[in-house]
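Peer 1: Sharing a structure, written as structure tokens. Questions coming.
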Amino acid sequence: MKADRHVDDMNRSYASRSYPFTNTPMQVDIFREILVPVFGGLGIFMLGLEFMSDGIHNLAVHRMRALLGKIAGTPVKGLAAGTLITGVLQSSTAMTVMVVGLVNAGVVGLRPAISVIMGANIGTTLGNGLIALPLGPLGLITAGIFGLVYVFAKSAKTTNIALAIVGFSLIFYGLNLLTGGLKPLRNMPEVMSAISSLNASTFGGLAVCVFTAAGITAMIHSSSATIGIVMGLGAAGILDWQTAVAFSLGADLGTTVTSWMASLNLTRNAKRAAYAHIAFNFLGVAVMFPMFFLSMDLLQWAMGLFGMNPAQMVLADGKQTYPMVPVAVGIYSIGFNIFNTVLMFPFIGVFERVLSRVGANSQDELEDYSMPRHLDRKAGGDFGAGVVSVQKELSRYVEGAGLLMAASRGDARAPSDTEAHYKSLDTLNREIRSYTAAMLTPDQTPAKADLLASLIEEEDFSASLGEALYQISRRVERQAFSDQARPLVTELLALVDAAVAKRVTRGELGGNVQEDNAPQLLALRKRALDLGQQLSWEERGAVLALLGSAERAFFLVERIFSERLSVSRDLGRFEGRAGSSGLRTQSVPVAG
């Protein structure tokens, strides 16, 4: 049988690994020869990953995020974007978390997000292939040179480039140290006896190796780190090449844990994107599992075409080493993820349909307020169109904030998760402010700049109003009010609703909602105190806190209204002025 032949091959491989100069147990200085290089090398390796990731992220992560949101509109584009960007960032975990965040914000749909995640798996394996290169001796000197550049650099760009190169170099140097420190373990029978249980010569042993690697990757949140460790163990002869490859298969399972954790408190679609990552990797491993030994034959044959043998032993400084094991792991990792993507890509539509049913309920019909509906980045050069878009989106923000009050009243149209809804509103407000700020240009007339500055202030006050309404909603949700306290809460909610509708939604003139509602708030406060022992101290405290939040909401409502009056929103006044070509000339309503 094929599995038996592999057992025989590995037994011969182990037999060829006897120490060449002596048959007696070798005395090993455990601290100096094992602990120092192993832990030092592992620490330097992981520090290199962190440095490289930080340097590249500081240089390009915002541009990469913007690029991803811009081009990942179709599955094919998403696959290309995921491969390219992850190949640069060298972290499929970071990429997947980024995708989950973009889905949560409504920037990327579920279907292209699934293809981006597939591409991310390919992109990160390119780094695994680089790690397999025997560049350890050059790592330290390269890290030293660019470490000096990092210290003395004057610009942030040069600093980040140097940091990324230092990290990249330390990866190789750390792996070189790690491999050297692991080699003496081969001469310690008790260690080899324990490790011999991790042997992918049978399907049972393969399963143990896969799940062991998955557990390690889940704990350290880095498949690249797990594969680096496995490459070191394989190069040192601690693990045979086939077992090392099996560990790389398990690393793809463990990396799904981080994306799942990142999606826990996000929207349903964001959770579905994380589930797509999990399903993609698990299905890929499940398909490859029964074909593992066949794939080992194929890997050996492919490497043999280039004169490489993964089981070949080489003497280096009088010690046995297996330099082709890291190469085998790197090639297999790349091949597996490409095979998995080719296999799964035609079924993206099926993935989307199945995942869309996960957690589906009537709440899915509610509007996603995290995604701007009216902001068009392409129209950023048209001042009039941009102002109209901002005003429409602000009105939509206030509409969404009103749903928080609906939740306080137990309205059926209200969102069931007010915390998630508020986070969506916060995301929307940040998008509106970013869009408005981007409209400011150095050559603008003072009147246009004044209008944009006023809109930004209105956006800030609107965000504060949304926060005040959220606090009211949360207090009503968390406190169980008695029959005596409930009428007070109902009247207070009605006052706040009326104030928001009058000033912010309809923009009615006359009076001052803060001053006009002050007597009602005082009356409600007095009634709450007069109820005495009929209210528990918790209820009384909650009612008084709600009154404080309502007073703040009235102030913000009046402040938004005043801001709108402080600078005219009529775009017709810009007609015919220099630099105002393409402006709309109609008067823009305050809201609605």
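Peer 1: Please list 340-351, 524-535 highest first by mean number of surrounding beta-carbon atoms within 10 Å per residue.
Peer 2: In decreasing order of mean packing, 340-351, 524-535 become 340-351, 524-535.
Peer 1: Mind giving me the FRET efficiency for Glu538 and Ala453? R0 is 60 Å, r the Cβ-Cβ distance, nearest 0.05 is fine.
Peer 2: Values: r = 44 Å, r/R0 = 0.73.
With R0 = 60 Å, the Cβ-Cβ based efficiency is 0.85.
Peer 1: Would you calculate the separation in nanometres between label points at Ser482 and Lys154, each defined as 7 Å from the Cα along the Cα-to-beta-carbon direction?
Peer 2: Distance between the two pseudo-spin positions: 7.3 nm.
Peer 1: Report the label-to-label distance for Glu551 and Asn58 in nanometres (one decimal), using points 7 Å from each Cα along the Cα→Cβ vector.
Peer 2: Taking the two extended label points, one gets 4.7 nm.
Peer 1: Please sort 479-488, 429-438 by packing, taking for each peptide the average over its residues of neighbouring beta carbons within 10 angstrom, highest first. Before the final figure, lay out each step's value.
Peer 2: Numbers: 479-488: 14.7, 429-438: 18.1.
Peptide ranking by packing, descending: 429-438, 479-488.
Peer 1: Find the accessible area per residue for segment 141-182; the probe is 1.4 Å, ligands and nucleic acids are left out, and the unit is Å².
Peer 2: 49
Peer 1: Let me ask another. What is the distance, in nm, between label points placed 7 Å from the Cα along the Cα-to-Cβ direction at Asp411 and at Ile30?
Peer 2: Taking the two extended label points, one gets 6.9 nm.
Peer 1: Quick one: pull the percent of accessible area on segment 404-524 belonging to carbon and sulfur, 1.4 Å probe, ligands and nucleic acids left out.
Peer 2: 51
Peer 1: Going by average Cβ neighbours within 10 Å, how do the peptides 272-285, 298-311, 156-169 rank, with the highest at the top?
Peer 2: By packing density, highest mean first, the sequence is 272-285, 156-169, 298-311.
The values are calculated or read from the model by the stated rules, or taken from the named source; none is laboratory data. This one's a predicted model, so the numbers in the text were calculated from it and none came from an experiment. Glycine also receives a Cβ, built like all others from the backbone with ideal geometry; neighbour counts cover every protein chain displayed. Note: accessible area is taken over every heavy atom of the protein model, side chains too, but ligands, DNA and RNA are not part of it. Shrake-Rupley method; radii C 1.70, N 1.55, O 1.52, S 1.80 Å.
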